[in-house]
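One structure is given here, and the rest of the page talks about it.
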Amino acid sequence: MATTQQVPRGRAVVTGASSGIGEATARRLAAEGYDVICAARRTDRIEALAGEIGGTAVQCDVTSDSDVAALAEAVGPTLSVLVNNAGGAFGLAPVASADTEQWRQMYDVNVLGLMRVTRALLPALIASGAGVIVNVGSTAGRIAYEGGAGYTAAKHGTKVVTETLRLELFDQPVRVSEVAPGMVHTEEFSLVRFGGDQERADAVYAGVAEPLVADDVADAITWIATRPAHVNIDELVIKPRAQAAQHKVHRV
Ligand code: 8X3
């Protein structure tokens, strides 16, 4: 049987690598031979992860200009892969009772954070001669749902920034992609959205036999990143079989 030998594929940065999709993606990219920089706010988690996968931990809050500058410093002159994964939803209030601060946070992390990190790392991605950016969007960037406007507006922002960037980089050696997951059962997404209310978080996935898990999305991201340099996967929408549409979920 032929043995597979991993060849070094260059450096990759994953933001929001402390849990969920980010952590799973860091693991997958490392397994593919990338030298992975795990960036997130919680140093204990990213240090443990980096230790396991032979990567590097860099503390980074994507809403902080100085943290992002430090991340760019740690990356150095070239970068092969950037996965803009840091993001999240805060609250599920209707527009009539929207919390301004939650909306501000959602825009800051899902849109401005992506912009800050991309702007800072773009020179290194271009310098690599074959860079790829994979932005983690959402089906929330494709539709609207009641109570979701703060988050859906932000994720529509993620989508449009991705499209704009692809236009702006049309003559540069950088691919620009978006992966847009639907229902993914991660440890923290819904828990964070509902301010730590585990019961409410569990109800999101109640009766769904097989929601996606973080590794399903990490697999898609890694597939996108490892296509040949001339192949740009513009966008990939990924949902569990049980989720035919945002509101049409098979529950047993
Ligand atoms: C998560 C998908 O349905 O909670 O990005 O908005 S949803």
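The values are calculated or read from the model by the stated rules, or taken from the named source; none is laboratory data. Model, not experiment: these values are computed from the prediction. FYI the Cβ positions are ideal-geometry reconstructions off the backbone, even for glycines, and counts take in every protein chain you see.
Values for this structure:
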| read-out | value |
| --- | --- |
| Wholly enclosed strands (runs of 3 or more DSSP E) of the range 1-119 bearing at least 1 residues at negative phi, surrounded by fewer than 23 Cβ atoms within 10 Å (Cβ to Cβ) and of a type in the set (S, T, N, Q) | 56-59 |
| Qualifying residue in the range 144-155 (condition: more than 21 Å from V184 (Cβ to Cβ) and either crowded, with 18+ Cβ neighbours inside 10 Å or within 13 Å of the ligand (Cβ to nearest atom) (or both)) | no |
| Residues located in the range 192-207, provided they are within 12 Å of the ligand (Cβ to nearest atom) and either among the hydrophobic types (A, V, I, L, M, F, W, C) or under 14 Å from the mean Cα position of the chain (by Cα) (or both) | V192, F194, A201, V204 |
| Condition broken by K159, with the remaining ones in (1) closer than 26 Å to A12 by Cα; (2) more than 16 Å from the chain's Cα centre (by Cα); (3) within 14 Å of the ligand (Cβ to nearest atom) satisfied | (2) |
| Matching option when the condition is without any contact (Cβ under 8 Å) to a residue 12 or more places away in the chain and farther than 23 Å from S128 by Cα, among D44, D61, D67 | D44 |
| Residue in the range 1-20 that is touching a Cys at 6+ places or on another chain (Cβ under 8 Å), charged (D, E, K, R) and modelled with pLDDT of 95 or more present | no |
| Any hit, the range 215-228, residues being out of contact with any Lys or Arg (no Cβ under 7 Å at 6 or more places or on another chain), within 12 Å of the ligand (Cβ to nearest atom), within 19 Å of N84 (Cα to Cα) and in contact (Cβ under 8 Å) with a residue 24 or more places away in the chain | yes |
| Those strands (runs of 3 or more DSSP E) lying entirely in the range 172-252 with at least 3 residues within 18 Å of A12 (Cα to Cα) and not aliphatic (A, V, I, L, M) | 174-181 |
| The range 120-143, subset out of contact with any Ser or Thr (no Cβ under 6 Å at 6 or more places or on another chain) and in a helix (DSSP H, G or I), residue surrounded by the most Cβ atoms within 10 Å (Cβ to Cβ) | L125 |
| Test for T100: is it of a type in the set (S, T, Y) and more than 13 Å from the ligand (Cβ to nearest atom) | yes |
